[in-house]
Amino acid sequence: MSRKAFVHIGTHKTGTTYLQKWMLGNQGPLAELGLFYPKIGMMKRPTAQFKLSADARDVHHDLTESAAWRTLQEQLMSTDKDVILSAETFSDKIRHEDVTSRIVDFFNALNMKTEFIVF
């Protein structure tokens, strides 16, 4: 597995929104460094992938049952970049082992290693 999927599950009130705004505003420079910060799943606050985190909890089998995760899958299949996902709400969902497993399985199917980042 040469590519990586970084799943930032920054807990609430730790500067996560600042980081997300920075990544969204710097998608070009990030891409030049080989990192893809997708706009997929951005709902309430248009800087974080809230829909992806919610669907990771609500889908009970394969994450590709979710339209947002299918779209992410399609985008990742057409790029050679690593991906960064970030949402405070991942910290609420990731506590459940089945959610974590679904996320890891999703990226494994794309031959990507998942790394969770918490701060």
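Structure above, values below:
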read-out: Per-region count, segment 20-55, residues β-branched (Val, Ile, Thr) and under 18 Å from GLU74 (Cβ atoms); value: 1
read-out: Residues of segment 7-40 satisfying the condition of being surrounded by 12 or more Cβ atoms within 10 Å (Cβ to Cβ), touching a helix residue (DSSP H, G or I) at 6+ places or on another chain (Cβ under 7 Å) and in a loop (DSSP other than H, G, I, E, B); value: ILE9, GLY10, THR11, TYR37, PRO38, ILE40
read-out: Checklist (1) more than 15 Å from VAL118 (Cβ to Cβ); (2) modelled with pLDDT under 85 applied to LYS13, failing item; value: (1)
read-out: Residue within segment 37-57 that is in contact with a strand residue (DSSP E or B) (Cβ under 7 Å, 6 or more places away or on another chain) and modelled with pLDDT under 90 present; value: yes
read-out: Matching residues in segment 41-86 - criterion: being surrounded by fewer than 19 Cβ atoms within 10 Å (Cβ to Cβ) and closer than 15 Å to ILE103 by Cβ; value: ARG57, ASP58, VAL59, HIS60, HIS61, ASP62, THR64, GLU65, ARG70, GLN73
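The values are calculated or read from the model by the stated rules, or taken from the named source; none is laboratory data. Just so it is clear, the structure is predicted and the values come from calculations on it, not from any experiment. No Cβ is skipped: glycine too gets one built from the backbone with ideal geometry, and neighbour counts run over all protein chains shown.
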